[in-house]
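A.B. asks: Got a structure for you, questions after.
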Amino acid sequence: MAVPQFLPEKPGKMIAVHVAFESRAAQRGRWPKTPSYFLKATSTLAESGGVVERPAGTELLAFEGEIALIIGKAARNVSLAEAWDYVAYVTASNDLGIYDYRAQDKGSNTRSKSRDGYTPIGPKLIDAQTIDPKGLRLRTWVNGEVVQEGTSSDADLIFPLAQFVADLSQHMTLEPGDIILTGTPAGSTVIEPGDVVEVEVDVPGGVTSGRLKSTVVEIPANFDPTLGNLPKVDAKQREDAYGDRESAGLPPLPSSELSAELKEKLEEAPTAGLSAQLRGRGINQCVIEGVYPQTKGTKMVGVARTLRFVAGREDLFKSHGGGLNEQKKVFDTVKEGEVIVIEARQEPGSGTLGDILALRAKTRGAAGVVTDGGVRDYEAVREIGLPVFTQGAHPCVLGRKHVPWDSDIAVSCGNATVVPGDIIVGDDDGVIVIPRDLAEEVADAALAKEHEDEWVAEQVKAGASLDGMFPPTGANKEAYLEFKNGGGQ
């Protein structure tokens, strides 16, 4: 694809922002604290009026209308206050991508978003130095209907446009002609052959980029399975491509649902390794302190369902402790795959569940129970076979120390905060809490480290010194990598 003629010069690089609009973050259910980026090949650039090719056999081609910034002069370590001075032009862009390749790209978006023609831009340039960078409007139409609308105001953007320039200039020199694609608002979804997508950036009542027009066409597939991965679609990619599960035709996701692949990884990874990976990501308070499995060798993986007890008070227990109280409600409605996490203030002087409640949870398919209090009918509960992690046994009933108060809220169990939907993992070392959005990343990293540690253990067993071995560095690191890649013994 040729570089659009209207651009002032050929860009050396094109950098795209992952999430920048409040509406997009709300749609995804997660807000970035700082900007993050990916590179997009400049060979993807295309002019208005052209076609966008969707290879046969793929289905999740999605548009993303975006504001494009074009750098006017070299920027290196510029401040936020002066960053906009380095932007020469603003125009419309369409950050197209095939979600069929998104999972295989593992976050790089290399194949999913760098196909030829997948960044239409233009058709006109807006002089950035003549406008208020917070006064732009972005709109996208599909087949004549407005499907996206956002502004560059503080109300719509998580980060100001100038921040992308300042931030990136800390790490690289932004050169004249470089392009920054600044994220898309909610409304991005799948398009089909024959659809016409138009994107416009303007100052309402003033200057405009004009409408950037692209028509989707289907072309024969040209994927050679001997060279690399073939396109693949799963529920996650379909949901992200369409914007939400309902639009993608998927059933609502129960809070207790974990993919079989992720669950298998977490069952294999030790809590010690998982906690180390969480610590490396700045999360230290991930351990539910003082609780251990009733049965040695128990492994528990599930999604948190929470229950909170307040300190015992006779009048409150009279009003909240009888009948189908909050405790019984949770055990009576727990879903398959959920772990009931009980805040009992690390008070072991009373039972927080017994055999009947454990039996009910087991029957409903609960993944387990974690309580920083005690357990009644200790041996009977053990025999039921439900994974239970606790401080230990206590014969007294709930009302001695606790009042069942509320559920499905953030709780503090064993000095760790647990939010409904968090992932709970337990083994002989104890129980840890993993934020759901980190689970896949943390599990993969823990398993990789476990593999390395197994190799190290073999070397130490054979007489190797710990110096430069734990962790492996230098020649030891090279030896491990050779082993990992199948070249070692």
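The values are calculated or read from the model by the stated rules, or taken from the named source; none is laboratory data. These figures come from a predicted structure and were not determined experimentally. Using ideal geometry, Cβ is built from the backbone for each residue, glycine included, and neighbour counts are taken over all protein chains shown. Surface accessibility is based on the protein's heavy atoms, side chains included, excluding ligands, DNA and RNA. Shrake-Rupley method; radii C 1.70, N 1.55, O 1.52, S 1.80 Å.
A.B. asks: Output the number of residues of region 27-52 satisfying the condition of being modelled with pLDDT under 85 and either surrounded by 14 or more Cβ atoms within 10 Å (Cβ to Cβ) or closer than 30 Å to Gly194 by Cα (or both).
C.D. replies: Residues flagged as modelled with pLDDT under 85 and either surrounded by 14 or more Cβ atoms within 10 Å (Cβ to Cβ) or closer than 30 Å to Gly194 by Cα (or both) within region 27-52 amount to 2.
A.B. asks: OK, next. Can you tell me which residues in region 8-23 are open to solvent by 10 Å² or more (accessible area, probe 1.4 Å) and touching a Ser or Thr at 6+ places or on another chain (Cβ under 8 Å)?
C.D. replies: Within region 8-23, Lys10, Gly12, Lys13, His18, Val19 meet the criteria.
A.B. asks: Restricting to strands (runs of 3 or more DSSP E) lying wholly in region 134-191: which have 1 or more residues that are open to solvent by 30 Å² or more (accessible area, probe 1.4 Å) and touching an Asp or Glu at 6+ places or on another chain (Cβ under 9 Å)?
C.D. replies: Working: elements: 137-142, 145-151, 179-181.
Where strands (runs of 3 or more DSSP E) fall fully within region 134-191 and carry at least 1 residues being open to solvent by 30 Å² or more (accessible area, probe 1.4 Å) and touching an Asp or Glu at 6+ places or on another chain (Cβ under 9 Å), they are 137-142.
A.B. asks: Anything in region 120-133 that is in a loop (DSSP other than H, G, I, E, B) and open to solvent by 40 Å² or more (accessible area, probe 1.4 Å)? List them, or say none. Before you say what the answer is, go through the steps one by one.
C.D. replies: Initial filter on region 120-133 (in a loop (DSSP other than H, G, I, E, B)): 122-125, 131-133.
Pro123, Lys124, Leu125, Asp132, listed by residue number.
A.B. asks: Can I ask one more? Can you tell me which residue is least open to solvent (accessible area, probe 1.4 Å) among those in region 453-489 that are under 22 Å from Ala269 (Cα atoms), modelled with pLDDT of 80 or more and in a loop (DSSP other than H, G, I, E, B)?
C.D. replies: Pro471
A.B. asks: Based on what the data block shows, is Gln5 in a helix (DSSP H, G or I), open to solvent by 50 Å² or more (accessible area, probe 1.4 Å) and among the polar types (S, T, N, Q)? Working first, answer last.
C.D. replies: Values: in a helix (DSSP H, G or I): no; open to solvent by 50 Å² or more (accessible area, probe 1.4 Å): yes; among the polar types (S, T, N, Q): yes.
When the stated conditions are applied, Gln5 does not pass them.
A.B. asks: Let me ask something else about it. Cβ-Cβ under 8 Å, sequence separation 6+ or interchain: first residue in region 97-118 and touching a residue at least 24 places away in the same chain (Cβ under 8 Å) and on the phi > 0 side of the Ramachandran plot, partner open to solvent by less than 40 Å² (accessible area, probe 1.4 Å) and of a type in the set (Ser, Thr, Tyr). Which pairs?
C.D. replies: Close Cβ pairs satisfying both conditions: Gly117/Thr44.
A.B. asks: A further question follows. Go over the candidates Ala103, Ala74 one by one and state the one that is small (Gly, Ala, Ser), surrounded by fewer than 22 Cβ atoms within 10 Å (Cβ to Cβ) and farther than 23 Å from His171 by Cβ. Outline the logic, then answer.
C.D. replies: Numbers: Ala74 fails: farther than 23 Å from His171 by Cβ.
Exactly one residue qualifies, and that residue is Ala103.
A.B. asks: Please pick out the residue among Leu96, Leu45, Leu80 that is among the aliphatic types (A, V, I, L, M), touching a strand residue (DSSP E or B) at 6+ places or on another chain (Cβ under 9 Å) and over 20 Å from Ala221 (Cβ atoms). Outline the logic, then answer.
C.D. replies: On the way: Leu96 fails: over 20 Å from Ala221 (Cβ atoms); Leu80 fails: touching a strand residue (DSSP E or B) at 6+ places or on another chain (Cβ under 9 Å).
Exactly one residue qualifies, and that residue is Leu45.
A.B. asks: Quick check on my filter: what residues within region 52-73 are over 19 Å from Arg139 (Cα atoms), acidic (Asp, Glu) and part of a strand (DSSP E or B)?
C.D. replies: Residue satisfying the conditions is Glu53 alone.
A.B. asks: Restricting attention to region 357-373, report how many residues are in a helix (DSSP H, G or I) and touching a helix residue (DSSP H, G or I) at 6+ places or on another chain (Cβ under 9 Å). Break it down stepwise before answering.
C.D. replies: Start the filter on region 357-373 by keeping residues that are in a helix (DSSP H, G or I), which leaves 357-363.
Applying the additional criterion that residues be touching a helix residue (DSSP H, G or I) at 6+ places or on another chain (Cβ under 9 Å) yields 357-362.
Total meeting the criteria: 6.
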